[in-house]
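K.L.:
A single structure is presented below for examination.
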Amino acid sequence: MVKTGFHSVILFFFLLLLSFCQPKTKRNSDKQVFRYNEASGITSLDPAYAVNQANIWGTNQLFNGLVQLNDRLEIIPAIAHSWDISPDGLNYSFYLRTDVFFHDHDGFPEGKGRKVTADDFVFSFNRILDPTIASPGAWVFNYVNRSHDKPMFTVENDSTLNIRLKRSFPPFLSLLSMQYCAVVPEEIVAKYGTDFRRNPIGTGPFMFKYWEEGVKLIFVRNENYFEREDGHPLPYLDAVAITFLIDQQSAFLEFVKGNLDFLSGIDPSYKDELLTSRGELNPKYHDKFYMITQPYLNTEYLGFLVDPEIGDKSDPLKNIAIRKAINYGFDRKKMIKYLRNGIGTPGFYGIIPPGLPGFNSSEGLKQEFNPDKARSYLEKAGFDSGETLSGITLSTTSEYLDLCEYIQHQLSEIGIEIEIDVNPPATLKELKAQAKLPFFRASWIADYPDAENYLSLFYGKNFCPTGPNYTHYYSSVYDSLFDAAMTQSNDSLRYRNYMKMNHIIMEESPVIILYYDQVLRFVQKNIEGIGSNPINLLSLKKVKKTINW
């Protein structure tokens, strides 16, 4: 009896010791938490301010609109299960699902999210147009009929929404897929006011849980989400955790250690470690993670504030000849090869990227490195051979400093001296929107798959801050072509106008195209379903994560 009892005591303490030795994380090891870093930071989770990729990625997990894009950039249903478009292209009728509910919140009766109705979309769309909100997405509804005698958006019943345009606009359905057009609940917006940006309530696959700005943001699974995959309720993940490490090298190291599940794009601090000189994944990492790449509807460019009524009228950059000298003064091929390890396509053919109708790669349009032509344009601007043009400042962020320094060095060889001003991303964006930067690096990622999205950057009615025309470019000829394209139902004729507009921009150079980008996604081996698309939209509702013991 004594011997048996002694053995029982030993066994008890042995099992107790084993329990203490179990890894702490094992208690929650069945939870699928997807982790990624957002170096540029998130400024708002209100879809009215989904103006950049960081905000768009965040709001895309929390909100839905009438329609959405799949990975092939096709329009598919979201909250609207179907729709009708009148033969003249002016009337759109959307028929809503009846099983879509806002996230639970104490602002609703009994804290339960209520059903979404057509009136919620009327409120959400009118809110985007409200000048007191100052949403940068107000331009989305430029083609909606705003006559005073008729409302822009009407409802027939709780599940039928009508929108009438003032004129036909073929890309309108694509516009409605943007996060600006997500549905929000009026009572919760009223409760929080401007603080809705950090207290978001939507209908999406994930719900807002916690946000310490600049440190961590957490979303949790929406148990009542309406979409399913093969009969299985979405999403699969239990949570999404977003960190905000500003230093890209630190984020890369966290990814290599397995503390992040996903890395997007490349940074000079780690590109040579991660990629070969041919733009392929370094073989040393083949067993740790995988790479996804495809053409990206993202045009990287240098922009000029060309409005003669803004800024210093004697600024040399307001001279087309100077801008064209800069355009021909640096070698894009070498820039892509040596600074980006071959990732991207040199920007020889204007603002429209490859893959969209309107892109034209005719040899006669090609604008590539030509130092002799650059010097001839300097002479046209009044600068003699050997004379130095100075006093030009290029504003950028640290992420693109190496590219700007490369351009700086090459331009110095033809007699153009530029200074580089490095700003935080949020500061650069604000200064650009306020038309306070004469010369800046920028990019435009397609919001929807139509070249109009790029050409609208130069439309006279889209001057910032309410529109995307950051250069304040204006041409009556250009605007006429733009207006004609937007009323043209024949695709071939519309695309012809697109090419004419693109050619005008190339000739007058309010922007200088650097390159057309590639989507690059690096993903841990235990992640599946993340997919990829030409606008690099991050959707996590179908992602699965295998737990590594």
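K.L.:
Which ones in region 334-357 are of a type outside the set (S, T, N, Q), under 25 Å from R521 (Cβ atoms) and not in a loop (DSSP other than H, G, I, E, B)?
P.N.:
Within region 334-357, M335, I336, K337, Y338, L339, P346 qualify.
K.L.:
Could you say which residue among N453, N536 is buried (at least 17 other Cβ atoms within 10 Å of the Cβ), within 30 Å of D261 (Cα to Cα) and within 18 Å of the chain's Cα centre (by Cα)?
P.N.:
Step by step, each of N453, N536 is checked, and only N536 is buried (at least 17 other Cβ atoms within 10 Å of the Cβ), within 30 Å of D261 (Cα to Cα) and within 18 Å of the chain's Cα centre (by Cα).
Conditions tested, residue by residue: (1) surrounded by 24 or more Cβ atoms within 10 Å (Cβ to Cβ); (2) under 27 Å from D247 (Cα atoms); (3) within 20 Å of the chain's Cα centre (by Cα).
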| residue | (1), (2), (3) |
| --- | --- |
| Q179 | yes, no, yes |
| E187 | no, no, no |
| Y192 | no, no, no |
| F196 | no, no, no |
| P200 | yes, no, yes |
| T203 | yes, no, no |
| K209 | no, yes, no |
| G214 | no, yes, yes |
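K.L.:
I've got another one for you. Restricting to region 86-106, count the residues that are without any contact (Cβ under 8 Å) to a residue 60 or more places away in the chain and either of a type in the set (S, T, Y) or part of a strand (DSSP E or B) (or both).
P.N.:
1
K.L.:
Go through (1) surrounded by 15 or more Cβ atoms within 10 Å (Cβ to Cβ); (2) closer than 30 Å to M291 by Cβ and name the single condition D230 misses.
P.N.:
Going through (1) surrounded by 15 or more Cβ atoms within 10 Å (Cβ to Cβ); (2) closer than 30 Å to M291 by Cβ one by one, D230 breaks only (1).
K.L.:
Still on this structure, please answer the following. Go through region 420-477 and give me each residue that's β-branched (V, I, T), closer than 18 Å to G358 by Cβ and modelled with pLDDT of 95 or more.
P.N.:
Narrowing region 420-477 to residues β-branched (V, I, T): 420, 422, 427, 445, 466, 471, 477.
Adding the requirement that they be closer than 18 Å to G358 by Cβ leaves 445, 477.
Passing the criteria: only V477.
K.L.:
Shifting gears a bit: Could you figure out which of (1) in a loop (DSSP other than H, G, I, E, B); (2) surrounded by fewer than 21 Cβ atoms within 10 Å (Cβ to Cβ); (3) not aliphatic (A, V, I, L, M) isn't true of T471?
P.N.:
(2)
K.L.:
To continue, here is another question. Hey, could you check region 376-401 for residues that are crowded, with 17+ Cβ neighbours inside 10 Å and part of a helix (DSSP H, G or I) and say which is modelled with the lowest pLDDT?
P.N.:
Among those residues, the one meeting the criterion is E399.
K.L.:
Of the residues in region 261-303, how many are out of contact with any Phe, Trp or Tyr (no Cβ under 6 Å at 6 or more places or on another chain) and outside any strand (DSSP E or B)?
P.N.:
21
K.L.:
Would you be able to say whether some residue in region 144-154 is without any contact (Cβ under 8 Å) to a residue 60 or more places away in the chain, charged (D, E, K, R) and surrounded by 14 or more Cβ atoms within 10 Å (Cβ to Cβ)?
P.N.:
no
K.L.:
Still on this structure, I have one more. Is it the case, given these coordinates, that G355 is more than 30 Å from T546 (Cβ to Cβ), at pLDDT 95 or above and not hydrophobic (A, V, I, L, M, F, W, C)?
P.N.:
no
K.L.:
Now for a different question. Residue under question is K216, and the condition is that it be touching a strand residue (DSSP E or B) at 6+ places or on another chain (Cβ under 8 Å) and without any contact (Cβ under 8 Å) to a residue 60 or more places away in the chain; does it hold?
P.N.:
It is true that K216 is touching a strand residue (DSSP E or B) at 6+ places or on another chain (Cβ under 8 Å) and without any contact (Cβ under 8 Å) to a residue 60 or more places away in the chain.
K.L.:
Which residue is farthest from R72 (Cα to Cα), if the candidates are limited to region 427-467 and must be of a type in the set (S, T, N, Q) and in a helix (DSSP H, G or I)?
P.N.:
Among those residues, the one meeting the criterion is T427.
K.L.:
For region 502-547, give me each residue that is in a strand (DSSP E or B), more than 25 Å from C404 (Cβ to Cβ) and in contact with a Gly (Cβ under 8 Å, 6 or more places away or on another chain).
P.N.:
Q524, K544, listed by residue number.
K.L.:
Would you mind telling me which numbered condition in (1) touching a strand residue (DSSP E or B) at 6+ places or on another chain (Cβ under 7 Å); (2) within 25 Å of V519 (Cβ to Cβ); (3) buried (at least 20 other Cβ atoms within 10 Å of the Cβ) P354 fails?
P.N.:
(3)
The values are calculated or read from the model by the stated rules, or taken from the named source; none is laboratory data. All of these numbers come straight from a predicted model, not from anything done at the bench. When we count neighbours, we look across all protein chains shown, and the Cβ atoms used for this are built from the backbone with ideal geometry, even at glycine.
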